[in-house]
Amino acid sequence: MKIGVLALQGAVAEHIRSIEAAGGEGIAVKRTEELQELDGLIIPGGESTTIGKLMRRYGFIEAVREFSKQGKPIFGTCAGLIVLAERIEGQEDAHLQLMDMTVARNAFGRQQESFETDLDIKGINEPVRAVFIRAPLIKEVSPSVDILSTYNGEIVTARQGHLLASSYHPELTDDYRLHAYFLDMAKEAAAAGAKE
C-alpha cells in the first residue's frame, strides 16, 4: 500500500516512518499529480490556516476532494483534522469540508499545555500512546461519524467511512498501530475498488 503524506507543513518524515513500521510504503506528496498513485493520504499536523492556504495555492483542495470521491482513505492528524472538517468553530471558511463534524482549534490551550496519554481506541486492542500539542477537539459529529476514542469526555478520534481524524500526533511515538489501522482502511478501499 502506497500512503502519501501531504508535505506542505508538519511531521512528514515521522508519518512516513510510522507507515513503514506498519508495513506500508510512505511517500512525501508535494504535487497534486502524485495523488494518482496513492492508496491513501495523510494530512499531518502543523498550522491549519497555513496548510489550508498552501493547499489552495498548489491546487490541493480540489485534488484531495477528488481523491476522497474515489473512496480513497484520508487521515487527518491534529491540524489535518481541522483541514478535513466541514465546520470550524468561530471561523466561516472551512478547508476540505469532507468530514461531517465541527472542530475547535487549540482546544487544549497553547504549546506549554501539551501532554501525552494512553487512549482506548475502538478497533485497536491495547491503549494507544497519544501526543497532544495545541490540539484541536471534535466538538460535534453527525450520526454518520463513528467516535473511536474520547479523552475527558471529549472526542479525539473519529471515523466517517474512508475518513479518519485524530486530535493528537500518533506519529510522534513508536506506537504505529493507528497507522496500521489506516493501512487496513486503505487495503479495504483498494479491495472494494477492485471489485467494482
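Points worth noting:
- Exposure of Asp146 as accessible area (Å², to 10), given a probe of 1.4 Å and all protein chains: 60 Å²
- Farthest towards the positive end of the charge dipole of the chain, among the residues Phe60, Asn152, Asn106, is the Cα of Phe60, using unit charges on the Cβ of Lys, Arg, Asp and Glu.
- Area of Met1 that stays accessible when all protein chains are in place (1.4 Å probe, Å², to 10): 70 Å²
- The stretch between Thr150 and Glu126, if pulled fully straight at 0.36 nm per residue, gains 7.2 nm over its current Cα-Cα span.
- Taking amide H as placed 1.01 Å from N in the peptide plane, Glu140 has its amide H under 5 Å from the amide H of Thr102, each at least 5 places away in sequence or on another chain.
- Per DSSP, loop trypsin sites (Lys or Arg not before Pro) in the stretch 1-77 with at most 15 further Cβ within 10 Å: Lys30, Arg31
- Net dipole in debye of the chain [+1 Lys, Arg Cβ; -1 Asp, Glu Cβ; about Cα centre; nearest 20]: 420 debye
- Lysine pair count for the stretch 2-195 (Cα-Cα distance under 17 Å; residues 8 or more apart in sequence or on different chains): 9.
- On a per residue basis, the chain carries 45 Å² of accessible surface, using protein heavy atoms and a 1.4 Å probe.
- Along the stretch 181-192 the Karplus relation, 6.51 cos²θ - 1.76 cosθ + 1.60 evaluated at θ = phi - 60°, assigns HN-Hα couplings of 4, 5, 4, 4, 4, 5, 5, 4, 5, 5, 5, 5 Hz to successive residues, with x for each Gly and Pro.
- Per-residue surface analysis assigns Asp184 an accessible area of about 70 Å², computed on protein heavy atoms at 1.4 Å probe radius.
- Close amide-amide hydrogen proximity is noted between Gly76 and Ile43, Leu164, Ala165, Ser166, each under 5 Å apart and 5 or more residues distant or on a separate chain (H modeled in the peptide plane; Pro and chain starts excluded).
- Those GluC sites (Glu not before Pro) in the stretch 1-109 that DSSP places in a loop and that have at most 10 other beta carbons within 10 Å: Glu92
- Of all accessible heavy-atom area on the stretch 2-195, the percent that carbon and sulfur account for (1.4 Å): 44 percent
- 5 angstrom amide H check on Tyr151, placed H, neighbours 5+ away: Val156
- Correct choice for Rg/Rh (Cα atoms, Kirkwood Rh) that was computed from the model, options (1) 1.05; (2) 1.19; (3) 0.93: (3)
The values are calculated or read from the model by the stated rules, or taken from the named source; none is laboratory data. Keep in mind that what you see is a predicted model, and the values were worked out from it rather than measured. Reconstructed Cβ throughout: ideal geometry from the backbone, glycine too, with neighbour counts over all protein chains shown. Surface accessibility is based on the protein's heavy atoms, side chains included, excluding ligands, DNA and RNA. Shrake-Rupley method; radii C 1.70, N 1.55, O 1.52, S 1.80 Å.
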